[in-house]
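The values are calculated or read from the model by the stated rules, or taken from the named source; none is laboratory data. All values reported here derive from a predicted model rather than from experimental measurement. Positions of Cβ are backbone-derived with ideal geometry, glycine not excepted, and every protein chain shown enters the neighbour counts. To get the accessible areas, we keep the full protein, side chains included, count just its heavy atoms, and leave off ligands, DNA and RNA. Shrake-Rupley method; radii C 1.70, N 1.55, O 1.52, S 1.80 Å.
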Amino acid sequence: MSRLSVTVIAWNEEERLRACLESVAWADEIVVVDAESGDKTVQIAHEYTDKVSVRAWPGFAAQKNFAIDQATGDWILSLDADEQVSPELRDEILRVLADDGPDDGYRVPRRNLFGGRWVRHGGLWPDWQLRLFRRGRGRFVERAVHESVEVDGSVGRLEGPLIHRSYRDVSDFLSRADRYATLAAEEWVRSGRTAGMSDMVLRPLGRFVSMYVLQLGLLDGARGFLLASLYAYYVLVRSVKAWERQKASNGS
């Protein structure tokens, strides 16, 4: 059977890391890369593996690619500290390892939880993520935020869910949204794109309508309305931050 390395990046994740690592304790190797946490993240990681690195934060893609470079398995499963492999997904991955494929990478459906409950609509299920791939065939694309894997070869799909305990509550969403919006706005400006009034009005409105109406977030009740509103808020903040940086760079 082929060997599996699980790579995990973390920063101040003592609350969620244990559940993540416990869900992949069956893997041949676990690699954890910590971004200089101030809590017990590193101590918890050492309970499950000796391959723990601590390094300054270089960005999402760069940190994940560094973790991949530390892995020695035939296959890589890349996770965030707030994700867990379900028993169904574990069994499917074991079958891939037993057969050594047949594809070079696999997308998995991510089941997003908000406040501890599964969000079934609004475009958040199935939230397909390419996370399992042959070592040497997959790398994360260098982006400031919303990084993704590119695989050199064929890509298939698995059906078992990856559990994502994304946001604990509204406060957690807002604090992280500000950080992600800053990174996205900086990338927006670097790309040479312009940000105007339409981006600050139409884009947030479009995100709300898309999530709540077109992607049936309304079927999730109050939670669906709240999430559509929060994601629209994120788009607004991202657009405003991009506009501010654009004005500053133009000296106006």
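Give the angle, between 0 and 90 degrees and rounded to the nearest 10, that separates the Cα long axis of helix 197-209 from the longest principal axis of the Cα atoms of the chain.
Helix 197-209 sits roughly 50 degrees off the main axis of the chain.
When Rg and Dmax of the Cα atoms in Å is calculated directly from the model, which label among (1) 19.4, 66; (2) 19.0, 62; (3) 16.6, 48 fits?
Computed from these coordinates, Rg and Dmax of the Cα atoms in Å corresponds to label (2).
Using unit Cβ charges (K, R positive; D, E negative) and no other charged atoms, how large, in debye to the nearest 20, is the dipole of the range 143-207 about its Cα centre?
Values: 10 positive and 10 negative charges, 35 e Å.
Here the range 143-207 has a charge dipole of around 180 debye.
Grab the beta carbon distance between Asp28 and Glu142, set R0 = 22 Å, and tell me the FRET efficiency rounded to 0.05. Please list the in-between numbers first.
Working: r = 28 Å, r/R0 = 1.27.
In this case the efficiency is close to 0.20.
How big is the Cα convex hull of the range 1-69 in projection, averaged over all directions, in nm²? Walk me through the numbers on the way to the answer.
Working: hull surface 18.1 nm².
In nm², the orientation-averaged hull projection of the range 1-69 is 4.5.
State in Å² the accessible area per residue of the range 129-203; use a 1.4 Å probe, count heavy atoms of protein chains only, and round to the nearest integer. Could you put the intermediate results ahead of the total?
On the way: 4030 Å² over 75 residues.
Accessible area per residue, the range 129-203: 54 Å².
Along the charge dipole of the chain, Cβ charges K/R +1 and D/E -1, which of Gln63, Val119, Val6 sits furthest on the positive end?
Ranked along the dipole, the leading option is Val119.
Find which of Ile30, Tyr233, Tyr167 sits farthest along the positive direction of the dipole of the chain, computed with +1 on the beta-carbon of Lys and Arg, -1 on that of Asp and Glu, about the Cα centre.
Of the candidates, Tyr233 comes out farthest on the positive side.
Determine which residues of the range 10-45 fall in the zone a paramagnetic label at Arg168 would reach in this model, i.e. backbone nitrogen under 16 Å from the point 7 Å along Cα→Cβ.
Answer for this model: 11-20, 38-41.
What dipole magnitude, in Debye to the nearest 20, does the range 143-252 give about its Cα centre under +1 on Lys/Arg Cβ and -1 on Asp/Glu Cβ?
Numbers: 15 positive and 12 negative charges, 59 e Å.
Around 280 debye, computed over the range 143-252.
Excluding residues fewer than 8 places away in the same chain, name every one of the lysines whose C-alpha is closer than 30 Å to that of Lys64.
List returned: Lys40, Lys51, Lys241.
Ignoring ligands, DNA and RNA, how do Asp199, Asp74 rank by accessible area with a 1.4 Å probe, largest first?
Values: Asp199 20, Asp74 75 Å².
Greatest to least solvent exposure: Asp74, Asp199.
Work out the length of the dipole vector of the chain about its Cα centre, built from +1 on the beta-carbon of each Lys and Arg and -1 on the beta-carbon of each Asp and Glu, and round it to the nearest 20 debye. Don't skip to the end; give the middle numbers.
Details: 34 positive and 37 negative charges, 201 e Å.
The dipole of the chain has a size of about 960 debye.
Skipping prolines and chain starts, which residues have an amide H placed within reach, meaning under 5 Å, of the one on Glu29, given they are 5 or more residues away or on another chain?
Under 5 Å from the amide H of Glu29 lie the amide H atoms of Leu4, Val6, each far enough along the sequence or on another chain.
Please compute, over every Cα-Cα pair in the range 68-128, the percentage with a separation greater than 13 angstrom.
On the way: 1297 of 1830 pairs.
That fraction is 71 percent.
Over the chain, with every protein chain in place, what whole percent of the accessible area is carbon and sulfur at 1.4 Å, could you tell me? Intermediate values should be presented prior to the final figure.
Numbers: 6080 of 12120 Å².
C and S fraction of accessible area: 50 percent.
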